[in-house]
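Take a look at the structure below.
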Amino acid sequence: MKKTTDMSIEELFDLEAELRVAKDEEKGVSLPALITVEEELYEKVSADKTGKYQDSLNIIKKNLVDLMIRYGPYLKTIYQRDDLAEEKALSQALKYDRGNPYAYYRLGYLAYKRKNYLTSAVHFNNALKSQERRRSAEYLLTEQQKYMANMHLSNCALNVALQAQKALEEETVGAPLLELVGTNENILKSHALTVTSQSGVEWHSMENCQEMIKSDEFENYLILYFSEQQHSAFYKKQEVNLSFNQAELLKTMMLQTSKNKRAVKEQFQHLFSSRDENGEIPANIMNRALNRLKRKLAQCQVPANIIISSPEQAQYYYNQEILYLIIEVSGTL
């Protein structure tokens, strides 16, 4: 097979279509390859003097940003997040979309985890400033994310000041700062995760969420847990790991559908890259993805009919007969 650098634009578009199908079929090796092809396409279309492909340039750029932000953490495996891979992908996304608030937000969060407070503060500040200037609705921060960005930014500043005072050995001056840092950290910990149920959304600490997962009270709930490492489903205290797409597919089903509110394929456009001749998600791609998800959930005894699909009408829904909890790290997509 030719190197991508030796391929024509038409050959790259053909390869892109093949890799999009492979990504949607969750063949892990296809994701880095698809990003490589998209980057090569962007370079070649940008340099093309004929103007034949210029209408595709913004689409290619949008695809690149979406792949790097949504799938960057999973470049090594479709099941487990990787902080270094995510950082690299987010930085790449900013090359194509300089004012992306969400990319800055996640970079700020990742730097904060490493206690690199100065870098974190710069990223969170960029996130909030980009939010103000952003014209596109895509990748805007939610109200919750804006709150968390300000809280992290405040604690970054306090930690930088505390480090400076410690360097001057002014321990007595640092005592009030220590108290403020501790107070803010407690707030951040208590808001570390969001828990969404049929009743609404609440903030919880990591400890509270782990207790929920283990408790008898929620044993008969289907719990979808988006952790910083991987995504899991729990039912009757049994656990199964889900890929990124499987978890997002289940989340969309839970939040947006019911017997009286059935979803159509368009509601899942953000999860699938391949398109048929009408620009829609191919029915076989959608149906196979749902079947993979059902097989995974069956491993922890979730009934197959919890998700109903009607391929001939292209309608899908979560029947809501099993109550759910969706547990997510605050500020993720």
Checklist entry - How many residues are under 21 Å from the mean Cα position of the chain (by Cα) and assigned to a loop (DSSP other than H, G, I, E, B) if we restrict to the range 267-308? => result 4
Next on the checklist: Looking at the structure I just gave you, is LYS88 within 26 Å of SER46 (Cα to Cα) and among the charged types (D, E, K, R)?
Outcome noted: yes
Next on the checklist: Residues that are assigned to a loop (DSSP other than H, G, I, E, B), touching a strand residue (DSSP E or B) at 6+ places or on another chain (Cβ under 9 Å) and basic (Lys, Arg): does the range 248-259 have at least one?
Outcome noted: yes
Checklist entry - Within the range 179-226, which strands (runs of 3 or more DSSP E) (wholly inside it) include 1 or more residues that are among the hydrophobic types (A, V, I, L, M, F, W, C) and more than 27 Å from ALA149 (Cβ to Cβ)? => result 222-226
Checklist entry - In the range 124-146, what residues are assigned to a helix (DSSP H, G or I) and either exposed (fewer than 13 other Cβ atoms within 10 Å of the Cβ) or aliphatic (A, V, I, L, M) (or both)? => result ALA127, LEU128, GLU132, ARG133, GLU143
Checklist outcome for this item: Here the residues within the range 202-247 that are surrounded by fewer than 17 Cβ atoms within 10 Å (Cβ to Cβ), more than 22 Å from the chain's Cα centre (by Cα) and in contact (Cβ under 8 Å) with a residue 40 or more places away in the chain are ASN220, LYS236, GLN238
Item to check | Selected residue (criterion: nearest to the chain's Cα centre (by Cα)) from residues of the range 115-163 that are at pLDDT below 95 and closer than 15 Å to LEU94 by Cβ | outcome: GLU138
Checklist outcome for this item: Scanning the range 233-247 for residues that are of a type in the set (A, V, I, L, M, F, W, C) and assigned to a helix (DSSP H, G or I), the one nearest to ASP24 (Cα to Cα) turns out to be PHE244
Next on the checklist: Can you go through ALA127, ALA157, ALA149 and tell me which one is closer than 16 Å to TYR109 by Cα and in contact with a Pro (Cβ under 6 Å, 6 or more places away or on another chain)?
Outcome noted: ALA127
Checklist entry - Since LEU325 meets every condition but one in (1) assigned to a loop (DSSP other than H, G, I, E, B); (2) modelled with pLDDT of 95 or more; (3) of a type outside the set (Gly, Ala, Ser), which condition does it not meet? => result (1)
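The values are calculated or read from the model by the stated rules, or taken from the named source; none is laboratory data. Being a predicted model, the structure only gives us computed values, none of them experimental. Every residue, glycine as well, gets a Cβ built from its backbone with ideal geometry; the counts of neighbours run over all protein chains shown.
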